[in-house]
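The values are calculated or read from the model by the stated rules, or taken from the named source; none is laboratory data. Please read these numbers as outputs of a predicted model, since none were measured by experiment. With ideal geometry, Cβ positions are generated from the backbone for all residues, glycine too; neighbour counts draw on all protein chains shown.
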Amino acid sequence: MIEKALHTLNLPPDAVRWLLDLWHVIQVWDDVADGDPIKREDLDRAIFLTVAPFNPFYEDNKRTLFPVLANMVLKWKASDTIEREGLKSHLHKAYMLRAGYYDVVLQVLAIVKGEDVAMAEAHKVALLYGETFEEYAKEFQDA
């Protein structure tokens, strides 16, 4: 699903590949943090991508991407803490914080297509977020 969504932005293949690899890694790490089951091949791939993250797009743009990646991790941690502490009245904030990946997508769009296109298409990146707040909140009602 995320792959199809990213292709709607018409990014170069190396940029899409890097974004998909990043998606894979953060999904595995989130599963580890939550104690969810992980297929061994998914874990192996995440380990490889973490320790050997070669991708031409990333290599060319890592100085610009690194601060956005660090911010994404900090936002995930804030969201995770809100969730784990059971702060249900703040779930709407946690939901927004969990969308840090799309900050990275937006930065990639700006790198590839420039500021003007990124400004014009920023809403398209926001619309890629596939989980609704209602779906997210239901996870906590069922827990």
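Kindly indicate which of Met96, Met72 is touching a Gly at 6+ places or on another chain (Cβ under 8 Å), aliphatic (A, V, I, L, M) and in a helix (DSSP H, G or I).
Working: Met96 fails: touching a Gly at 6+ places or on another chain (Cβ under 8 Å).
The unique qualifying residue is Met72.
Being farther than 18 Å from Val125 by Cα, part of a helix (DSSP H, G or I) and without any contact (Cβ under 8 Å) to a residue 24 or more places away in the chain is the filter here, so list the residues in segment 9-40 that pass it.
Correct list: Gln27, Val28, Trp29, Asp31, Val32, Asp34, Arg40.
Check Leu43, Leu6 and return the single one that is part of a helix (DSSP H, G or I), closer than 27 Å to Ala94 by Cβ, in contact (Cβ under 8 Å) with a residue 24 or more places away in the chain and not charged (D, E, K, R).
On the way: Leu43 fails: in contact (Cβ under 8 Å) with a residue 24 or more places away in the chain.
Going through Leu43, Leu6 in turn, the sole match is Leu6.
Search segment 121-138 for residues being touching a helix residue (DSSP H, G or I) at 6+ places or on another chain (Cβ under 9 Å) and in a helix (DSSP H, G or I), and hand back the single one that is surrounded by the most Cβ atoms within 10 Å (Cβ to Cβ).
Here the residue is Val125.
Applying the selection to segment 8-19, what residues are surrounded by 16 or more Cβ atoms within 10 Å (Cβ to Cβ) and not charged (D, E, K, R)?
Leu9, Leu11, Ala15, Val16, Trp18, Leu19
Mind counting the residues in segment 24-43 that are over 15 Å from Lys77 (Cβ atoms) and either modelled with pLDDT of 95 or more or surrounded by 10 or more Cβ atoms within 10 Å (Cβ to Cβ) (or both)?
13
Looking at the structure I just gave you, is Lys62 in contact with a Gly (Cβ under 7 Å, 6 or more places away or on another chain), charged (D, E, K, R) and assigned to a helix (DSSP H, G or I)?
Against the criterion (in contact with a Gly (Cβ under 7 Å, 6 or more places away or on another chain), charged (D, E, K, R) and assigned to a helix (DSSP H, G or I)), Lys62 does not qualify.
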